[in-house]
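Some notes on the structure that comes next.
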Amino acid sequence: MGAGRPTLACWMQAFAHIPLGTPIPDSPHAVSCSLPTMAAVRGYEEKDPAVTAALQSGYPRFVVHPFARRLASVLAVRNGLGKRTLWLASSRRMAGRLLAHLQASGPAGTAAASFAGEGVFGVSHPESRELALLAKLYLQNIGGFLSSREAEDRLAAIGAGLGEAALRRFNVSSARALVALPAPAVSGPRPSSAAQLAVPGISSFTTSNASFYRVDTALMLPQVAPDQWRLRVHGMVAKELDLTFADLLKRPLTEADITIACVSNQVGGPYVGNARWLGASLAALLRDAGVKRGADQILSTSSDGWTCGTPVETVLDGRNALIAVGMNGQPLPVAHGFPARMVVPGLYGYVSATKWLVDIELTTFAAQHSYWVQRGYTAQAPIKTESRIDVPKPLQQIKAGRTAVAGVAWAPHRGIDRVQVRADSGAWSDATLAEVPGIDTWRQWMWSWDATPGLHQLEVRATDGTGATQPSQRVPIFPNGATGWDSVTVTVT
């Protein structure tokens, strides 16, 4: 690189935010993690679930490490704890102190019990937000959580899919490479060339597998061999089903373009993407099992114990709800749920998009609470109507004259009917919309702006297929997704 003054782009890259919750240094045992904005710092201090849920590492006194959460989940299943919550402590003595605290401070008749197994100690209690908060705050205040390294060692020792030793023993990449996906029985409309606007820097209509966002609770990717994968469908059904991967591939497969999004996506954020998915109809599978009257929740479970609750009514309403095996013409990447995952248009991932899927239980929302619902997120979570400015970038310097302002907007299963853009709080102008193959994908948009010298703010808002327009008020991601208008500030010279 030649000598010279740093450009604005160089400075922006040097001071770019490290994403919220990223371990520093890049190690699963890091005791520091990124809080990139003052809002994130405030959220951490105020214990905002939208912030604390994103922390993948941290000083053990304050953060339940994902390895410890995973170990607790595995031990709870192995020991038949059912709906009880298990907390793992740093020692037998610490577990005893936690038990005494819950018995003294919890509701009368609290059925907390000590736990010992696989060389670790803890306390279990009936599923209760009040008891969970008591236990968590007590262990935080006395520094009593099980350490991440101890949890990793125990997971590796019992072969639970985490820990470097376990990962060295088995990896499914070679097995994935041998999977031959069948041709779809039903192929949804393919996007035409008009779905992609000729604007440099705009998000591609189809997000590549390598670029697709990943948000989950797995620090180490679950390795599930297709020849050993099974899916159990049970609970409030007339007939239990038990499918192998070969059984799943024999079912009629549907291919469709679907945009999915994470509830943790901030306004204008990157945790949204569009892919062409291949999978078996989830609705058809449920009809084969025979959903019993009263069942309103599909409780799906990942191979690592993570759970997700999806409304039965939504899956059966005719949309392309899939048990996906393919993504953009390839077997699912391991990071995106190989060998099988759920994809349900219109719902945030935490209520629809279980990766490494192994279990489906038909139940009720009153009887069972999924992973993020236990942590305060709402059980019902349709994706909110959103739009994002891709170009120009924030703080970019651009030349005066006609300039393309462009991006994407999404409201899966409602579709986008209109996008409007304005400069400096002036009048709204309609953007040109790209074509789309259906209502389940995002939509590109572009507005031609006559840029004049100075500092300017650009804003965007979208209207979905029901006629609802994005609200201007900024709402945080907790408890069911952020809202507000995306904006960028640029300098025109």
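Note on the stretch 106-125: residues that are modelled with pLDDT under 90 and either in contact with a strand residue (DSSP E or B) (Cβ under 7 Å, 6 or more places away or on another chain) or not charged (D, E, K, R) (or both) amount to 8. Scanning the stretch 197-206 for residues that are surrounded by fewer than 16 Cβ atoms within 10 Å (Cβ to Cβ) and closer than 16 Å to R443 by Cβ yields A198, S204.
Is at least one residue of the stretch 363-377 within 30 Å of S174 (Cβ to Cβ) and not aliphatic (A, V, I, L, M)? No - not one qualifying residue is present in the stretch 363-377.
Taking the stretch 185-195 as the range and being small (G, A, S) and either farther than 30 Å from K250 by Cβ or in a loop (DSSP other than H, G, I, E, B) (or both) as the test, the residues that pass are A185, G188, S192, S193, A194, A195.
Taken over the stretch 212-230, the residue count meeting the criterion of being charged (D, E, K, R), within 16 Å of the chain's Cα centre (by Cα) and more than 15 Å from T354 (Cα to Cα) is 0. Within the stretch 393-417, the residues that satisfy the criterion of being of a type outside the set (A, V, I, L, M, F, W, C), surrounded by fewer than 18 Cβ atoms within 10 Å (Cβ to Cβ) and either on the phi < 0 side of the Ramachandran plot or not assigned by TED's automatic domain parsing to the domain that holds Q457 (or both) are K393, P394, Q396, Q397, K399, R402.
Determine which member of the set A104, A111, A116 is within 17 Å of L146 (Cα to Cα) and of a type in the set (A, V, I, L, M). Break it down into steps so the answer makes sense when it comes.
Numbers: A104 fails: within 17 Å of L146 (Cα to Cα); A111 fails: within 17 Å of L146 (Cα to Cα).
It is A116.
Residues that are at pLDDT 95 or above and in contact with a Leu (Cβ under 8 Å, 6 or more places away or on another chain) within the stretch 335-352 comprise G337, F338, P339, A340, R341, M342, V343, V344, listed in sequence order.
The values are calculated or read from the model by the stated rules, or taken from the named source; none is laboratory data. For clarity, every value in this text was computed on a predicted model and none was experimentally measured. Every residue, glycine among them, receives a Cβ derived from its backbone with ideal geometry; neighbour counts consider all protein chains shown.
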